[in-house]
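Laboratory data are not the source of any read-out in this text; all were calculated from the coordinates shown. Treat the numbers as computed from the prediction; the structure is a model and nothing was measured. All Cβ positions, even for glycine, are placed from backbone atoms using ideal geometry, and neighbour counts span all protein chains on display.
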Amino acid sequence: TKMAYYFGKTKTEGKSNQKQLLGGKGANLADMTSIGLPVPPGFTITTEVCDLYYKHKQKLPPGLMDEVRKNVAILEKETGKKFGDSKLPLLVSVRSGAAASMPGMMNTILNLGLNDEAVVGLANATQNERFAYDSYRRLINMFGDVVSGVDHEHFEVAFAKIKSKYKAKLDNEVPLEGMIELCDEYKKVYQHHYGKPFPQDPLEQLEASVEAVFKSWMQPRAVKYRQVENITGLLGTAVNVQSMVFGNMGDDCGTGVAFTRNPSTGENKFYGEFLVNAQGEDVVAGIRTPLPVAEMPKWNKAIHKRLLEIKDLLESHYKDVQDIEFTIERGVLYMLQTRNGKRTGAAAVKIACDMVKEKLIDEKTAVQRIPAGDLTQLLLPSFTPAAKATAKKDGKLLTVGLPASPGAAVGKLAFTASEAVERTHAGEKVLLVRKETNPEDIDGMHLAAGILTSTGGMTSHAAVVARGWGRCCVAGAGDVQIDEKARKIKVGGKTFTHNDVLSIDGSTGEVMLGEIATQEPKLSGDFATVMGWADKYRTLKVRTNADTPADAKRAREFGAEGIGLCRTEHMFFEGDRIVAMRAMILADNLADRKKALKNLLPLQRKDFIGLFTAMKGLPVTIRLLDPPLHEFLPHDAKAQGELAKELNVSPAFVKNRVAQLHEQNPMLGHRGCRLAVTYPEILETQVTAIVEAAIACVEKKIDAQVEIMIPLVGTAAELKMLRDQTQAVIDAVKEAKKFTGKLNILIGTMIEIPRAALTADQIGEQADFFSFGTNDLTQMTFGFSRDDINTFLPDYINNELLAQDPFQSLDVTGVGQLVEMGVNKGRSVKKGLKCGICGEHGGDPASIKFCHTVGLDYVSCSPFRVPIARLAAAQAAL
Ligand code: PEP
Ligand code: MG
């Protein structure tokens, strides 16, 4: 069989569909060559040869080197260069390339072909002796390390000696004589440790390198990578041998990188930079400032023209923006690489729309092209990339926490919610910095420019609340030590006070010093176009998690098709409602509790009328009270004293009651439907408020579609009892109001306890709908506290025990089974039972794909994620 496939002007033997045989890189090099791109010629040794190598006790198959020699001969003829030549030597790179991308996992050797003769040739050809010897010593080092197993350390020791001899601090300060000496030293190191001299015959170098690449296929990190990425069924790696070109042989040479369209705005304009007489590394190292490609005609008109032709060719061939690398050697342009270009969210939207207009792609392709998560960049302010890059370069990055709620915020530090409120009212911009937040901090969180916490995970209070508002939040930044009393924080050994300004990036979790410039989002017509396409192709509905009419209205503008979760407890922290709420909780007898509830009822009714009105015609899921009651009470003596005064009871009474309500494990304690079991009057009040609100809406001809949701159910018996109570209240309110019209009220439950998923057929008998509360379901399935996971999550990620935070992206393998089981069991007793998800995963694209697959009817997410969910749902359906 044929073992090597040539690519070049002489002939191109491979095809783009031969990835299995030639590897991704080999097939792509052949493809680029055959569409007429000027690719430095070379050849690809097939993956079959790698397979043979392992089948025959790790021996290169007979005949391989004959084929290699033949291909090298063609290569020499085509390039006019010769292996080992002292005038114009042929140098090649030797790289691995399997059918699946395995970045950095296998071996590469550059500058192969250099020897004592060829180094003179390279010096002549480049007119740069130092560069030639520098290339040579790099080859000896790389070849020694990768091919012959000579530890890199030994070369480092030799280099350090030369550097001290020439009083050079940096590598590039070593003069030519030093480099020549270094090559000799490296050859000695090689011989000493390997037992044989560094091979002078380029073909011998090549044979050994090919074998080294095959060997690297089975080295532990590559094997491990394939395991983790689930890459199976491959024959092995191919080997690409490609002639090297140099952009630093004189003023008719150069090198550059470019995008076929602007990757930050999407504008259809060639965008790139180049340097005359330089190597790729010079562009990257930033030693010289490159010129924009638009200025290339001043240097070489013909090459610029050719580059533009190639740009069009590439886009019409790959039908996507390309990120290219090119080199000009002695007036000849070479393409070294092309790949799909990374782009900002805004650019992705514009490019997708433009390419549909240009008939390069169709709508469905366009919808799939845009990474759904990147849409947040279009909806929220962000740091300007340049300002952020500068800040990071200047060492302003202090630490990185969890990217809890996207956006960019800048402000001075405020240490309590009340401080944040006061200083904001006084005209300052502040960041609220807390260990963690709790419902009492709501005012300060709402007014602050951003929120930074040192503990807590992606579903901690701060994260959930901030996401709901679109407020920027970095959570769980464990490196930040907060001293609330002294009004200081310490991070990275530095201390900052209430007068220092920080910038936080909620999309990345970065915490930076100083004020970094931000930019406001601009919504283009293209955004609406993309959303229209998404709506056309998706089957999942998208609702929002919203607690107030204002949030509901905004979510509706973003395209929400209802409320999937209204956490009623969030309504109790506004203004002085908390007083009535606390009076209710502190009541130690039924009569007092009922009196307090009576005060709450009209407030709740008004809230619900507002929500039903904002969402008229669309379903609104209202969840009955869920959190443990003690969360609503003040915990320090001073605040308890004030509350006692307000309620006209003794401070000791408040203190006692708080102690009584204390729980070791509140998240597994007296919360959710268990509250309604103990205090039926709470359920009664909330349901009364809901039904009265629904009736008020009907009377105003507002179409209210109500879904009452009972949280944290674990048994069918719980749900049956509470459902019957709920129904009884509905009937009683209708009766009392003498209402004879039709109300649309469903009674359903959350599936957020593993037992509920396991017994979803029994529970389904009692429910009009299921909503999967995947925050609690994840917490209870893993046994990971959602509020404390950040203390160990980094170790789990670093040790690859978890691929990602399971509170951010649904654990499809484990928690997902419970969701799937819940849906199937529920629908086994009630055909077509309405099922949705309201945990934070409802806004995560990967989780949305899963929700689509298991047949949920809708996902529900925070308002700012609604567009993301619409797009992700379409992508899941296509
Ligand atoms: C859940 O548990 O997934 C949920 C939505 O409820 P909460 O986050 O309020 O506990
Ligand atoms: Mg929950």
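Note that the stretch 616-625 has calculated 3J(HN,Hα) couplings of 3, x, 10, x, 10, 8, 10, 8, 5, 3 Hz, one per residue in order, obtained from phi through the Karplus relation 6.51 cos²θ - 1.76 cosθ + 1.60 (θ = phi - 60°); glycine and proline are x.
Do any trypsin sites (Lys or Arg not before Pro) in the stretch 752-851 lie in a loop, going by DSSP, with at most 11 other beta-carbon atoms within 10 Å of their beta carbon, and if so which? Don't skip to the end; give the middle numbers.
Numbers: sites: Arg755, Arg786, Lys825, Arg827, Lys830, Lys831, Lys834, Lys849; in loops: Arg786, Lys830, Lys831.
Loop-located and lightly packed - Lys831.
Using Cβ contacts closer than 10 Å as the measure, can you line up Tyr537, Tyr5 from fewest to most?
Numbers: Tyr537 18, Tyr5 25.
Least to most surrounded, the residues fall as Tyr537, Tyr5.
So how far, in whole Å, is the C-alpha centre of the stretch 223-259 from the one of the stretch 678-704? The distance from the Cα centre of the stretch 223-259 to that of the stretch 678-704 comes to 65 Å.
Find the centroid of the Cα atoms in the stretch 27-84 and in the stretch 128-157, then give the distance between the two in whole Å. About 24 Å separates the Cα centre of the stretch 27-84 from the one of the stretch 128-157.
Relative to 2.2 N^0.38 Å, what does the C-alpha radius of gyration of the chain come to as a ratio? Two decimals please.
Details: Rg = 33.3 Å, N = 878, 2.2 N^0.38 = 28.9 Å.
Scaled against compact globular proteins, the figure is 1.15.
With 5 Å bins beginning at zero, the pair-distance distribution over Cα atoms of the stretch 668-761 amounts to 3, 13, 24, 22, 15, 12, 7, 4, 1 %. Annotation: the residues Tyr190, Tyr136, Tyr796, sorted from fewest to most other C-beta atoms within 10 Å of their own C-beta, follow the order Tyr796, Tyr190, Tyr136.
Relative to its Kirkwood radius, the Cα radius of gyration of the stretch 451-582 gives an Rg/Rh of 1.05. Taking only alpha carbon atoms, the stretch 137-235 gives an Rg to Rh ratio of 1.11, where Rh is the Kirkwood radius. Please go through the stretch 162-232 and write out the GluC sites (Glu not before Pro) that DSSP classes as loop and that have at most 12 other C-beta atoms within 10 Å. Those satisfying the criteria are Glu229. Counting Lys and Arg as +1 and Asp and Glu as -1 over every other residue whose Cβ lies under 13 Å from the Cβ of Leu176, the net charge comes to -3.
The distance from the alpha carbon centre of the stretch 344-416 to that of the stretch 99-120 is 36 Å, rounded to a whole number.
Once you have a ≥ b ≥ c as the square roots of the Cα gyration tensor eigenvalues for the stretch 234-344, tell me rounded if a/c is under 1.5, and otherwise prolate or oblate according to whether a/b is larger than b/c. Oblate shape, in that a/c is at least 1.5 and b/c is the bigger or equal ratio. Ranked by how many other Cβ atoms sit within 10 Å of their own Cβ, fewest first, the residues Ser96, Ser847 fall in the order Ser96, Ser847.
Quick check on the chain: helices-only [θ] at 222 nm, where DSSP H runs of length 4 and up contribute -39,500 (n - 2.57) each and the sum goes over total residues. Nearest 500, please. Show your work: numbers first, answer last.
Values: 35 runs with 400 residues, N = 878.
About -14000 deg cm²/dmol.
Look at the alpha carbon pairs under 8 Å that are at least 6 residues apart: their mean separation over the length of the chain gives a relative contact order of 9 percent. Which of rounded, prolate, oblate describes the stretch 626-692, given a ≥ b ≥ c as roots of the alpha-carbon gyration tensor eigenvalues and a/c under 1.5 marking rounded, otherwise prolate only if a/b is larger than b/c? Verdict is oblate for the stretch 626-692. If you sort the three axes of the alpha carbon gyration tensor as a ≥ b ≥ c, you get a/c under 1.5 for the stretch 381-519, which makes it rounded.
Here the stretch 381-519 carries DSSP beta bridges of which approximately 70% are antiparallel, counting only pairs with both residues inside. Of the trypsin sites (Lys or Arg not before Pro) in the stretch 318-361, the ones in a loop by DSSP (not H, G, I, E or B) with at most 11 other beta carbons within 10 Å are Lys359.
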